[in-house]
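Each remark here refers to the structure printed beneath this line.
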Amino acid sequence: MPQQRFPKVEILSMAPHHIQFILSETDTSMANTLRRIMIAEVPTLAIDLVEYSENSSVLNDEYIAHRLGLVPIRFMAEGSLKGGDCHTAFLPHRECVCYDRCPRCCVEFELDVNFDKVNQTRPDTERDLALTVTSRDLISNNMLVSPAHFLNEEEQDESHDEGISIVKLGPGQHLKLKAIARMGISKEHAKWCPVAVATYRFWPIITINEEACSMLTLEQKQELVEACPDRILELDEITGNLVAVENAYEMATFTEDLKTVQNAMKKRPEDDDFVNVVQSTDRFVFSVESTGAMDAEEILLSSLRVLKDRLNYLAAEVEKLKD
(Lines give C-alpha, C1' and ligand atoms only; values in the text may rest on other atoms or scores of the structure.)
Protein backbone atom coordinates (compact mmCIF):
# COMPACT_ATOMS: atom_id res chain seq x y z
CA MET A 1 0.00 0.00 0.00
CA PRO A 2 1.44 3.42 -0.95
CA GLN A 3 2.68 5.66 1.83
CA GLN A 4 0.17 8.34 2.82
CA ARG A 5 1.46 11.88 2.44
CA PHE A 6 0.44 15.15 4.05
CA PRO A 7 1.60 18.03 1.81
CA LYS A 8 2.41 21.30 3.55
CA VAL A 9 2.48 24.92 2.33
CA GLU A 10 4.84 27.49 3.86
CA ILE A 11 4.47 31.14 2.79
CA LEU A 12 7.79 32.88 2.13
CA SER A 13 6.47 36.25 0.92
CA MET A 14 3.08 37.61 -0.04
CA ALA A 15 1.79 40.74 -1.75
CA PRO A 16 -1.51 41.37 -3.58
CA HIS A 17 0.09 40.68 -6.96
CA HIS A 18 2.77 38.13 -5.98
CA ILE A 19 3.18 35.17 -3.67
CA GLN A 20 6.15 32.89 -3.03
CA PHE A 21 5.66 29.70 -1.05
CA ILE A 22 7.18 26.27 -0.39
CA LEU A 23 5.22 23.10 -1.15
CA SER A 24 6.75 20.20 0.78
CA GLU A 25 6.23 16.54 1.67
CA THR A 26 4.92 15.71 -1.80
CA ASP A 27 6.34 14.98 -5.26
CA THR A 28 6.54 16.57 -8.71
CA SER A 29 3.17 15.16 -9.79
CA MET A 30 1.38 17.20 -7.13
CA ALA A 31 3.55 20.28 -7.73
CA ASN A 32 2.88 20.23 -11.46
CA THR A 33 -0.84 19.56 -10.92
CA LEU A 34 -1.13 22.62 -8.69
CA ARG A 35 0.79 24.77 -11.18
CA ARG A 36 -1.35 23.67 -14.14
CA ILE A 37 -4.58 24.29 -12.21
CA MET A 38 -3.46 27.84 -11.37
CA ILE A 39 -2.75 28.47 -15.05
CA ALA A 40 -5.69 26.73 -16.70
CA GLU A 41 -8.55 25.93 -14.33
CA VAL A 42 -9.06 28.80 -11.88
CA PRO A 43 -12.25 30.63 -12.99
CA THR A 44 -12.15 34.38 -13.62
CA LEU A 45 -14.20 37.01 -15.44
CA ALA A 46 -13.21 38.36 -18.85
CA ILE A 47 -14.94 40.32 -21.61
CA ASP A 48 -16.31 37.78 -24.07
CA LEU A 49 -18.73 39.77 -26.25
CA VAL A 50 -18.63 43.36 -27.53
CA GLU A 51 -21.57 45.17 -29.16
CA TYR A 52 -20.68 48.39 -31.00
CA SER A 53 -22.95 51.39 -31.42
CA GLU A 54 -20.29 53.59 -32.99
CA ASN A 55 -16.59 53.25 -33.74
CA SER A 56 -14.88 55.96 -35.75
CA SER A 57 -11.43 55.35 -34.21
CA VAL A 58 -8.42 54.21 -36.24
CA LEU A 59 -8.78 50.63 -34.93
CA ASN A 60 -11.38 48.25 -36.32
CA ASP A 61 -14.02 46.52 -34.18
CA GLU A 62 -12.21 43.18 -33.93
CA TYR A 63 -8.94 44.76 -32.79
CA ILE A 64 -10.63 46.74 -29.99
CA ALA A 65 -12.64 43.66 -28.94
CA HIS A 66 -9.40 41.68 -28.65
CA ARG A 67 -7.82 44.38 -26.47
CA LEU A 68 -10.91 44.53 -24.26
CA GLY A 69 -10.81 40.76 -23.81
CA LEU A 70 -7.30 41.01 -22.34
CA VAL A 71 -8.25 43.66 -19.73
CA PRO A 72 -8.22 41.85 -16.33
CA ILE A 73 -11.67 41.95 -14.71
CA ARG A 74 -11.63 41.95 -10.91
CA PHE A 75 -14.35 40.56 -8.66
CA MET A 76 -14.35 41.72 -5.04
CA ALA A 77 -16.85 40.10 -2.70
CA GLU A 78 -18.98 42.46 -0.61
CA GLY A 79 -16.98 43.78 2.33
CA SER A 80 -13.66 42.58 0.86
CA LEU A 81 -10.81 44.51 -0.74
CA LYS A 82 -9.24 41.43 -2.34
CA GLY A 83 -9.71 40.27 -5.91
CA GLY A 84 -11.32 36.94 -5.18
CA ASP A 85 -12.76 33.74 -6.60
CA CYS A 86 -15.95 34.47 -8.58
CA HIS A 87 -17.21 30.89 -8.90
CA THR A 88 -19.86 31.30 -6.16
CA ALA A 89 -21.13 34.63 -7.51
CA PHE A 90 -21.57 33.68 -11.19
CA LEU A 91 -22.60 30.72 -13.30
CA PRO A 92 -20.80 29.61 -16.46
CA HIS A 93 -22.69 31.12 -19.41
CA ARG A 94 -23.50 27.71 -20.92
CA GLU A 95 -24.99 26.45 -17.64
CA CYS A 96 -27.25 29.44 -17.00
CA VAL A 97 -30.98 28.97 -17.75
CA CYS A 98 -31.39 32.50 -19.18
CA TYR A 99 -32.13 32.94 -22.88
CA ASP A 100 -29.32 35.39 -23.70
CA ARG A 101 -27.71 36.90 -20.63
CA CYS A 102 -28.58 37.87 -17.07
CA PRO A 103 -26.84 39.22 -13.94
CA ARG A 104 -26.27 35.65 -12.74
CA CYS A 105 -23.95 34.80 -15.61
CA CYS A 106 -22.84 38.14 -17.09
CA VAL A 107 -21.60 41.61 -16.21
CA GLU A 108 -22.20 44.49 -18.62
CA PHE A 109 -19.73 47.31 -19.18
CA GLU A 110 -20.60 50.47 -21.11
CA LEU A 111 -18.04 52.70 -22.78
CA ASP A 112 -18.96 56.01 -24.42
CA VAL A 113 -16.14 58.43 -25.23
CA ASN A 114 -16.53 61.33 -27.68
CA PHE A 115 -13.34 63.26 -28.36
CA ASP A 116 -15.07 66.58 -29.11
CA LYS A 117 -17.14 66.48 -25.91
CA VAL A 118 -14.27 65.42 -23.62
CA ASN A 119 -11.86 67.89 -25.24
CA GLN A 120 -13.96 70.83 -24.03
CA THR A 121 -13.15 69.90 -20.41
CA ARG A 122 -9.43 69.30 -20.93
CA PRO A 123 -6.71 71.87 -20.07
CA ASP A 124 -5.65 74.14 -22.95
CA THR A 125 -2.20 72.50 -23.03
CA GLU A 126 -3.74 69.08 -23.78
CA ARG A 127 -6.42 69.98 -26.33
CA ASP A 128 -4.14 69.37 -29.31
CA LEU A 129 -3.17 65.90 -28.03
CA ALA A 130 -4.90 62.60 -28.81
CA LEU A 131 -7.34 61.35 -26.16
CA THR A 132 -6.47 57.96 -24.66
CA VAL A 133 -9.43 55.70 -23.93
CA THR A 134 -8.53 53.48 -20.96
CA SER A 135 -10.08 50.81 -18.74
CA ARG A 136 -11.29 53.66 -16.47
CA ASP A 137 -13.87 54.48 -19.15
CA LEU A 138 -15.52 51.04 -18.76
CA ILE A 139 -18.58 51.52 -16.53
CA SER A 140 -19.82 48.32 -14.86
CA ASN A 141 -23.44 47.52 -13.98
CA ASN A 142 -22.21 45.42 -11.03
CA MET A 143 -20.63 47.31 -8.13
CA LEU A 144 -18.58 44.23 -7.16
CA VAL A 145 -16.92 43.90 -10.59
CA SER A 146 -14.51 46.35 -12.21
CA PRO A 147 -11.42 46.33 -14.47
CA ALA A 148 -8.06 45.91 -12.73
CA HIS A 149 -6.43 49.13 -13.85
CA PHE A 150 -3.06 48.58 -12.15
CA LEU A 151 -1.30 45.78 -10.26
CA ASN A 152 -0.19 48.03 -7.41
CA GLU A 153 0.21 51.64 -6.32
CA GLU A 154 3.80 51.79 -7.60
CA GLU A 155 2.67 50.89 -11.13
CA GLN A 156 -0.15 53.44 -10.86
CA ASP A 157 2.28 56.20 -9.82
CA GLU A 158 4.62 55.44 -12.73
CA SER A 159 1.86 55.26 -15.36
CA HIS A 160 1.12 58.19 -17.69
CA ASP A 161 -2.48 56.98 -18.21
CA GLU A 162 -5.37 56.48 -15.80
CA GLY A 163 -5.71 52.79 -16.63
CA ILE A 164 -4.99 50.19 -19.31
CA SER A 165 -4.85 51.89 -22.73
CA ILE A 166 -7.42 50.66 -25.23
CA VAL A 167 -7.33 53.13 -28.13
CA LYS A 168 -6.52 56.78 -28.90
CA LEU A 169 -9.14 59.16 -30.31
CA GLY A 170 -8.64 62.30 -32.38
CA PRO A 171 -10.92 65.20 -33.40
CA GLY A 172 -14.34 64.04 -34.59
CA GLN A 173 -13.86 60.46 -33.40
CA HIS A 174 -16.30 58.62 -31.14
CA LEU A 175 -16.29 55.18 -29.53
CA LYS A 176 -19.46 53.77 -28.01
CA LEU A 177 -19.92 50.10 -27.10
CA LYS A 178 -21.29 47.58 -24.65
CA ALA A 179 -18.96 44.82 -23.40
CA ILE A 180 -20.23 41.61 -21.80
CA ALA A 181 -17.97 39.84 -19.28
CA ARG A 182 -18.50 36.15 -18.51
CA MET A 183 -16.88 33.61 -16.22
CA GLY A 184 -14.53 31.05 -17.75
CA ILE A 185 -11.21 29.25 -17.45
CA SER A 186 -8.09 29.64 -19.58
CA LYS A 187 -8.40 26.07 -20.83
CA GLU A 188 -10.96 27.67 -23.14
CA HIS A 189 -9.12 30.95 -23.81
CA ALA A 190 -6.01 32.65 -22.38
CA LYS A 191 -7.95 35.82 -21.50
CA TRP A 192 -9.37 33.96 -18.47
CA CYS A 193 -5.90 33.11 -17.12
CA PRO A 194 -5.45 34.68 -13.64
CA VAL A 195 -1.65 34.36 -13.57
CA ALA A 196 1.09 36.13 -15.49
CA VAL A 197 3.71 33.77 -14.03
CA ALA A 198 3.29 30.44 -12.21
CA THR A 199 6.54 28.53 -11.81
CA TYR A 200 8.24 26.26 -9.32
CA ARG A 201 11.84 25.23 -8.66
CA PHE A 202 13.28 22.27 -6.79
CA TRP A 203 14.57 23.17 -3.35
CA PRO A 204 18.40 22.87 -3.41
CA ILE A 205 20.07 20.65 -0.80
CA ILE A 206 23.56 22.04 -0.18
CA THR A 207 25.94 19.72 1.68
CA ILE A 208 29.42 20.92 2.67
CA ASN A 209 31.97 18.20 3.46
CA GLU A 210 33.73 19.77 6.46
CA GLU A 211 36.40 17.06 6.66
CA ALA A 212 37.39 17.41 3.00
CA CYS A 213 37.25 21.21 3.13
CA SER A 214 39.65 21.27 6.10
CA MET A 215 42.38 20.09 3.69
CA LEU A 216 41.91 23.14 1.43
CA THR A 217 43.82 26.38 1.69
CA LEU A 218 42.00 29.69 2.16
CA GLU A 219 42.75 30.56 -1.48
CA GLN A 220 41.20 27.29 -2.69
CA LYS A 221 38.09 27.90 -0.61
CA GLN A 222 37.79 31.40 -2.08
CA GLU A 223 38.14 29.87 -5.54
CA LEU A 224 35.17 27.60 -4.80
CA VAL A 225 33.14 30.61 -3.65
CA GLU A 226 33.89 32.49 -6.87
CA ALA A 227 33.43 29.45 -9.12
CA CYS A 228 29.69 29.29 -8.54
CA PRO A 229 27.95 31.96 -10.69
CA ASP A 230 24.98 32.01 -8.31
CA ARG A 231 27.21 32.84 -5.32
CA ILE A 232 25.56 30.32 -3.00
CA LEU A 233 28.74 29.97 -0.88
CA GLU A 234 30.71 32.33 1.32
CA LEU A 235 33.59 32.20 3.80
CA ASP A 236 32.81 32.52 7.48
CA GLU A 237 34.60 35.66 8.70
CA ILE A 238 35.57 34.08 12.02
CA THR A 239 36.41 30.45 11.22
CA GLY A 240 37.22 30.76 7.51
CA ASN A 241 35.02 27.74 6.76
CA LEU A 242 32.80 27.40 3.71
CA VAL A 243 29.12 28.03 4.48
CA ALA A 244 25.98 28.42 2.40
CA VAL A 245 24.62 31.96 2.13
CA GLU A 246 21.36 32.73 3.91
CA ASN A 247 19.19 32.91 0.75
CA ALA A 248 20.97 30.15 -1.19
CA TYR A 249 17.67 28.44 -2.01
CA GLU A 250 16.62 31.50 -4.04
CA MET A 251 19.79 31.62 -6.12
CA ALA A 252 20.96 28.02 -6.63
CA THR A 253 20.20 27.25 -10.27
CA PHE A 254 23.50 26.35 -11.99
CA THR A 255 26.34 24.54 -10.19
CA GLU A 256 28.26 22.85 -13.01
CA ASP A 257 31.11 25.39 -12.80
CA LEU A 258 31.44 24.65 -9.09
CA LYS A 259 31.65 20.91 -9.82
CA THR A 260 34.31 21.46 -12.51
CA VAL A 261 36.54 23.53 -10.18
CA GLN A 262 36.34 21.14 -7.25
CA ASN A 263 37.05 18.14 -9.49
CA ALA A 264 40.29 19.86 -10.47
CA MET A 265 41.18 20.30 -6.78
CA LYS A 266 40.73 16.63 -5.88
CA LYS A 267 43.80 14.47 -5.46
CA ARG A 268 41.89 11.48 -6.87
CA PRO A 269 38.73 11.49 -9.06
CA GLU A 270 36.94 9.12 -6.69
CA ASP A 271 37.37 11.44 -3.67
CA ASP A 272 34.22 12.95 -2.16
CA ASP A 273 33.06 16.38 -3.35
CA PHE A 274 33.87 19.36 -1.16
CA VAL A 275 30.42 20.82 -1.84
CA ASN A 276 27.47 18.83 -3.10
CA VAL A 277 24.31 20.49 -4.47
CA VAL A 278 21.33 18.27 -5.38
CA GLN A 279 17.65 18.86 -6.01
CA SER A 280 15.13 17.89 -3.37
CA THR A 281 12.47 15.49 -4.64
CA ASP A 282 9.80 16.50 -2.11
CA ARG A 283 10.24 20.25 -1.61
CA PHE A 284 9.42 22.95 -4.20
CA VAL A 285 9.64 26.75 -4.27
CA PHE A 286 6.65 28.31 -6.06
CA SER A 287 6.49 31.83 -7.46
CA VAL A 288 3.10 33.12 -8.63
CA GLU A 289 2.34 36.54 -10.13
CA SER A 290 -1.20 37.71 -10.77
CA THR A 291 -2.52 39.53 -13.84
CA GLY A 292 -4.59 41.68 -11.49
CA ALA A 293 -7.87 39.77 -11.90
CA MET A 294 -7.31 38.04 -8.54
CA ASP A 295 -4.98 38.52 -5.60
CA ALA A 296 -2.13 35.99 -5.67
CA GLU A 297 -3.24 34.53 -2.32
CA GLU A 298 -6.75 33.96 -3.71
CA ILE A 299 -5.32 32.22 -6.79
CA LEU A 300 -3.56 29.70 -4.56
CA LEU A 301 -6.67 29.10 -2.43
CA SER A 302 -8.87 28.77 -5.51
CA SER A 303 -6.49 26.30 -7.15
CA LEU A 304 -6.55 24.15 -3.99
CA ARG A 305 -10.37 24.27 -4.05
CA VAL A 306 -10.43 23.16 -7.70
CA LEU A 307 -8.03 20.30 -6.92
CA LYS A 308 -10.16 19.20 -3.97
CA ASP A 309 -13.33 19.27 -6.11
CA ARG A 310 -11.66 17.19 -8.82
CA LEU A 311 -10.47 14.59 -6.32
CA ASN A 312 -13.92 14.39 -4.71
CA TYR A 313 -15.48 13.88 -8.15
CA LEU A 314 -12.96 11.12 -8.92
CA ALA A 315 -13.68 9.41 -5.59
CA ALA A 316 -17.43 9.55 -6.27
CA GLU A 317 -17.00 8.02 -9.74
CA VAL A 318 -14.84 5.21 -8.31
CA GLU A 319 -17.54 4.46 -5.72
CA LYS A 320 -20.12 4.23 -8.53
CA LEU A 321 -17.96 1.65 -10.30
CA LYS A 322 -17.78 -0.42 -7.12
CA ASP A 323 -21.56 -0.41 -6.83
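The values are calculated or read from the model by the stated rules, or taken from the named source; none is laboratory data. Please read these numbers as outputs of a predicted model, since none were measured by experiment. Glycine gets a Cβ as well: all are built from the backbone with ideal geometry, and neighbour counts include every protein chain shown. Note: accessible area is taken over every heavy atom of the protein model, side chains too, but ligands, DNA and RNA are not part of it. Shrake-Rupley method; radii C 1.70, N 1.55, O 1.52, S 1.80 Å.
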Helix 218-227 sits at what angle to the longest principal axis of the chain, using alpha carbons and giving 0 to 90 degrees rounded to 10? 30 degrees
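Let me spell out the model: positive unit charges on the Cβ of Lys and Arg, negative unit charges on the Cβ of Asp and Glu, origin at the Cα centre of the chain. What dipole size does that give, in debye rounded to 20?
1340 debye
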Among all the lysines, which ones have a C-alpha under 21 Å from residue 8's C-alpha, if same-chain residues fewer than 8 places away are not counted? 308
Which one of 106, 119, 129 has its Cα pushed farthest toward the positive end of the charge dipole of the range 101-194, where Lys and Arg give +1 and Asp and Glu give -1 at the Cβ? 106
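Applying a 10 Å radius around every beta-carbon, put 150-160, 291-301 in order of their mean neighbour count, most first. Mind dumping the intermediate values first?
Numbers: 150-160: 11.7, 291-301: 23.6.
Highest mean packing first, the order is 291-301, 150-160.
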With all protein chains in place and a 1.4 Å probe, residue 87 shows an accessible area in Å² (nearest 10) of 70 Å²
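Could you please put 322, 176 in sequence from largest to smallest accessible area, using a 1.4 Å probe?
Of 322, 176, the descending order of accessible area is 322, 176.
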Would you mind checking the radius of gyration and Dmax of the range 182-323 based on alpha-carbon positions, in Å? 23.1, 72
Report the charge-dipole magnitude of the range 170-271 in Debye, nearest 20, computed about the Cα centre from +1 at each Lys and Arg Cβ and -1 at each Asp and Glu Cβ. 1340 debye
Nearby lysines by direct alpha-carbon distance to residue 267 (threshold 20 angstrom, same-chain neighbours under 8 apart not counted): 221, 259
Size of charge dipole - the range 103-189 - debye, nearest 20, with Cβ of Lys, Arg +1 and Asp, Glu -1, no other charges: 640 debye
Can you give me the accessible area per residue for the range 12-125, using a 1.4 Å probe, in Å²? 55 Å²
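Roughly how many percent of the accessible protein surface of the chain is carbon and sulfur, given a 1.4 Å probe and a whole-percent answer?
Details: 9700 of 19100 Å².
On the chain, the fraction of accessible area on carbon and sulfur atoms equals 51 percent.
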Of the listed peptides 257-270, 67-80, what is their order by residue-averaged count of other C-beta atoms within 10 Å, with the highest listed first? 67-80, 257-270
To the nearest 10 square angstrom, what accessible area does residue 226 show with a 1.4 Å probe? 110 Å²
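Give me Rg/Rg_expected for the chain, where Rg uses Cα atoms only and Rg_expected = 2.2 N^0.38 Å with N residues. It would help to have the intermediate numbers written out before the result.
Details: Rg = 27.0 Å, N = 323, 2.2 N^0.38 = 19.8 Å.
So the Cα radius of gyration is 1.37 times the expected 2.2 N^0.38 Å.
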If unit charges are put on Cβ atoms (+1 for Lys and Arg, -1 for Asp and Glu) and the dipole of the chain is taken about its Cα centre, the option from 241, 208, 37 lying farthest towards the positive end turns out to be 37
Furthest towards positive pole of dipole, 92, 167, 141, structure part the chain, Cβ charges: 92
Filtered hits (lysines, Cα-Cα < 27 Å from residue 176, offset >= 8 within chain) -> 117, 168, 191
